[in-house]
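Peer 1: One structure follows; several queries about it will come next.
The values are calculated or read from the model by the stated rules, or taken from the named source; none is laboratory data. Keep in mind it's a predicted model, so treat the numbers as computed, not measured. All Cβ positions, glycine included, derive from the backbone under ideal geometry; neighbour counts span all protein chains shown. Note: areas computed on protein heavy atoms with side chains; ligands, DNA, RNA excluded. Shrake-Rupley method; radii C 1.70, N 1.55, O 1.52, S 1.80 Å.
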Amino acid sequence: MPHVENAQRHAGSTRSGAITATATHPETATGRSVGAAVSRGGWLAATLPVAAVVSAVAVLLLALRVGGALTQSIPGLPDPGPVTTWALPVARLLADATATLTVGLLATAAFLLPGDGPSVSPYGYLLRRRAGLAAAAWAGSALALIVLTVSDLLGVPVGRLNVPTVVSYATSISQGQALLVQAGLAAAAAALARAGVSRDSAALAAALATVAVVPPAFTGHAAGAGNHQIAVSSLTLHVLGAALWVGGLAALLMIRRATVLADVANRYSRLALGCFAAVAVSGMANAAVRLGTPAQLWQSRYGWLILGKLAALLILGVFGAAHRRRTIPQLRAGRRGAFTRLAAGELVVFAAAVGLAVALSRSPTPVPDPGTDADPLTALLGFGMPAAPTPGNLLGQPLPDLLFLAASLAGAASYLVGVGRLRKAGHHWPIARTASWLAGILVFAAATGLGFARYAYVLFSAHMAQHMVLAMLVPILLVGGAPVTLALRALRRPTDPQVRGIRQWLLRGVHSPVTRLLTHPLVALGIYTGSLFGLYFSDLLGTLMRSHLGHVAMLVHFVASGYLLFWVLIGIDPGRPRIPHPFLVLIHLAAMMAHGFFGLALMQTTTVIAPDWYTSVHPGWASSLLDDQKLGAGIAWAFGEIPAAVVMILLVRQWIQADQREQRRLDRAADRAEATGEDDDLTRYNAFLAAAGEQEARRRPTR
Ligand code: HEM
């Protein structure tokens, strides 16, 4: 349905999307019924949701008019009718609001609230029940968005739409597929939220809901924009930050007991600060792509809406500071009033910001989406064809992906904070590990963000070089940093043992059955080599190169599969199974051979891999597709040698060190036995051999 695709670029994307709850189970647990506590705060529980909805809808309608999204229907252009014109932005607002609530309530129940042993606390139970309802509403509004978007794109009123058209849109057009996936994930989160009481299932439901927020960001308005790497990754970071920030606050307002709230609000406040920064930076990055020039901030209607959001952000920043300085200390003193009033006001401002956001996503942008009038290559790549590679071009003209950049910054900053904490506590942390970790982060950021990343889109050889760097060099360096060991030493234990902080979740993750399975050397080897052959000797590469989500997932997989294998081979972090070194050497040799064989097999291929993609992006200045592919094969073959040799040296060194440790242990035992006259292992072993010898002698008939 190509005409739908084109129309989609001009009409904008979809995204996800409120409260009803019946507290049942927690009543018994807390003695004093939560329901009664809720009713005591009746005026707030009653008015706040209404105030938030009114604020969001009022700002939405005003912003739609200001932003020019509600222009008169143009004669000759199909008009979807008033129902769609009004219902679409409202359905989107509902989807955004319920998505935000689902993520915030589940994250608070699983990670911020203290639990009750393996189960969530009574408040946690209340929040996850309400999250289940919000998630169900979210799934419903995502499905409604599919129908309304088709009606809007085709200019056909909902009543006159036929089912096959809607189904074909939902199953074959990326935007429709994203909404369908979102609806499915939201429904799964709803079921899980209402199914169990364990903290693990609450954490799983929270993870599902967080993932469900993402797909539309990769396919909507942002995907059609120029520079779509920045547009898409910034919007993804933006909606994730906004969902946690707004939803977390809504969850706090449902916790009535000041004593419980004080600690949770403190933990939330740290999270909110991170979300504030993420929403601000990603919002500005996204706005920059669409505005084109700063002057458009006051010269365009879109810019005015952005100014509105900036104002909202500043107000929310002031609220946040006031909470830290005034209301949270009062909460600790058992006084809840100030916090509730300020948080309620904050939620109304948030609602207005989300209303503005939906209007933004429906409004024409100063930088028109390249859509049909731009050359198809720029529309496909999200950037113009780079000139022939030179050192300047490979290092310059960066192609930053905000997700990768944010991950790199967070990875480097949290590691350095950890080292700083250990140092402050007087503990030693080898500088080599810090250097290894930071080098890994740097190489990762360079391989995914410098000019080189542009060539990895258009040349198979550059793609293969990127693959090798991300699957071998980066993981070896990161594994050398021993991040889990550092985290477990540097992270503080929460004062309340019932709270599962990052450290507790990390320990659970490291010792979980899933980690045990993944770190089995044969499984790690299988994933590593299987992805090599699976990606290049199937149609998968072409499919993944065509979608931004696919491309990001592919690069993340390169790093993750490499990290897993090298963690098993040379990692020192806990959670890695104890495997005899000779077996590890065998596994490494097997990985090297598979890698070498892969390079050779690739060199032998006479057909172009991912022909659709590489034919449509092949640069005029490059050698033929097959020649470039052979170069890529050579890179795969040769590149593997150096890191593999380094790993072998590290493996053998660890083997020798382990032997020396064992020898020292045996010596200490022998010394101890000598000192105490007890038999040590050696003595016992010799005694065993002697006894076995005597027995043998007794059995053998005397000649
Ligand atoms: C104040 C807190 C904020 C919240 C809660 C918020 C929330 C959101 C949400 C939920 C969306 C996705 C809307 C949709 O597509 O359905 C969005 C989109 C967006 N936001 Fe924000 N945002 C905030 C602040 C900002 C700021 C400060 C900026 C810019 C400086 C910004 C710029 C954008 C842009 C450009 C989009 C994309 C709109 C489009 O698709 O064209 N946001 N925001």
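Peer 1: If you scan the range 410-437, which residues turn out to be open to solvent by 70 Å² or more (accessible area, probe 1.4 Å) and polar (S, T, N, Q)?
Peer 2: SER414, the sole residue that qualifies.
Peer 1: Go through the range 438-452 and give me each residue that's open to solvent by 40 Å² or more (accessible area, probe 1.4 Å) and of a type in the set (Phe, Trp, Tyr).
Peer 2: PHE452
Peer 1: Out of LEU106, LEU94, LEU88, which single residue is in a helix (DSSP H, G or I) and more than 30 Å from GLN296 (Cα to Cα)?
Peer 2: Going through LEU106, LEU94, LEU88 in turn, the sole match is LEU106.
Peer 1: Among the numbered criteria (1) over 23 Å from the mean Cα position of the chain (by Cα); (2) at pLDDT below 95; (3) buried (at least 22 other Cβ atoms within 10 Å of the Cβ), which single criterion is violated by ASP116?
Peer 2: Among (1) over 23 Å from the mean Cα position of the chain (by Cα); (2) at pLDDT below 95; (3) buried (at least 22 other Cβ atoms within 10 Å of the Cβ), ASP116 violates only (3).
Peer 1: Identify all residues within the range 510-530 that are open to solvent by less than 30 Å² (accessible area, probe 1.4 Å) and either of a type in the set (Gly, Ala, Ser) or not assigned by TED's automatic domain parsing to the domain that holds PRO574 (or both); write none if there are none.
Peer 2: SER512, ALA524
Peer 1: Under 7 Å between Cβ atoms, at least 6 apart or on separate chains: pull out the pairs that start in the range 487-503 with a residue that is over 13 Å from SER414 (Cβ atoms) and end on any residue that is hydroxyl-bearing (Ser, Thr, Tyr) and at pLDDT below 85.
Peer 2: none
Peer 1: Only one residue in LEU602, LEU584, LEU522, LEU555 is within 19 Å of ALA465 (Cβ to Cβ), over 22 Å from the mean Cα position of the chain (by Cα) and of a type in the set (A, V, I, L, M), so which one is that?
Peer 2: LEU602
Peer 1: Right, here's the next one. May I ask you to say which residue of ALA669, ALA610, ALA673, ALA644 is under 32 Å from the mean Cα position of the chain (by Cα) and not assigned by TED's automatic domain parsing to the domain that holds LEU586?
Peer 2: Of the residues listed, the single one that is under 32 Å from the mean Cα position of the chain (by Cα) and not assigned by TED's automatic domain parsing to the domain that holds LEU586 is ALA644.
Peer 1: Another question about this same structure. Could you say which residue among ALA217, ALA277, ALA207 is part of a helix (DSSP H, G or I), within 13 Å of the ligand (Cβ to nearest atom), in the same structural domain as PRO364 (by TED's automatic domain parsing) and open to solvent by 10 Å² or more (accessible area, probe 1.4 Å)?
Peer 2: When all the criteria are applied, what remains is ALA277.
Peer 1: Further, regarding this structure: Filter the range 298-311 down to the residues that are surrounded by fewer than 17 Cβ atoms within 10 Å (Cβ to Cβ) and aliphatic (A, V, I, L, M), then identify the one that is nearest to the ligand (Cβ to nearest atom).
Peer 2: Among those that are surrounded by fewer than 17 Cβ atoms within 10 Å (Cβ to Cβ) and aliphatic (A, V, I, L, M), it is LEU310.
Peer 1: Sticking with this one: Is it the case, given these coordinates, that ALA287 is within 27 Å of the chain's Cα centre (by Cα), surrounded by 20 or more Cβ atoms within 10 Å (Cβ to Cβ) and away from the ligand (no atom under 13 Å from the Cβ)?
Peer 2: no
Peer 1: If we keep just the residues of the range 470-513 that are among the hydroxyl-bearing types (Ser, Thr, Tyr) and part of a loop (DSSP other than H, G, I, E, B), which is modelled with the lowest pLDDT?
Peer 2: THR495
Peer 1: Another question, if that's okay. Please go through the range 608-629 and give me each residue that is among the aliphatic types (A, V, I, L, M) and under 15 Å from MET545 (Cβ atoms), ordered by number.
Peer 2: Once the filter is applied, which keeps residues that are among the aliphatic types (A, V, I, L, M) and under 15 Å from MET545 (Cβ atoms), the range 608-629 yields VAL608, ILE609, ALA610, VAL617, LEU625.
Peer 1: Pairs under 6 Å by beta carbon, first residue farther than 21 Å from PRO400 by Cα in the range 229-248, partner open to solvent by less than 10 Å² (accessible area, probe 1.4 Å) and not hydrophobic (A, V, I, L, M, F, W, C), six or more apart or different chains?
Peer 2: As it stands, the answer is GLY247/GLY104; GLY248/GLY104; GLY248/THR108, since those pairs meet every condition given.
Peer 1: Hey, could you check the range 312-327 for residues that are open to solvent by less than 50 Å² (accessible area, probe 1.4 Å) and of a type outside the set (A, V, I, L, M) and say which is farthest from the ligand (Cβ to nearest atom)?
Peer 2: So, considering only residues that are open to solvent by less than 50 Å² (accessible area, probe 1.4 Å) and of a type outside the set (A, V, I, L, M), the one farthest from the ligand (Cβ to nearest atom) is THR327.
Peer 1: List, please: which pairs have Cβ atoms under 6 Å, are six or more places apart or on different chains, and start with a residue in the range 339-360 that is assigned by TED's automatic domain parsing to the domain that holds LEU249 and buried (at least 22 other Cβ atoms within 10 Å of the Cβ) and end with one that is of a type in the set (S, T, N, Q) and assigned to a helix (DSSP H, G or I)?
Peer 2: Taking only residues 6 or more apart or on different chains, the pairs are PHE339/THR327; ALA351/SER55; ALA352/SER55.
Peer 1: For the condition open to solvent by 10 Å² or more (accessible area, probe 1.4 Å) and either modelled with pLDDT of 90 or more or more than 16 Å from the ligand (Cβ to nearest atom) (or both), what is the one hit in LEU253, LEU261, LEU249?
Peer 2: One residue alone meets the criteria, LEU253.
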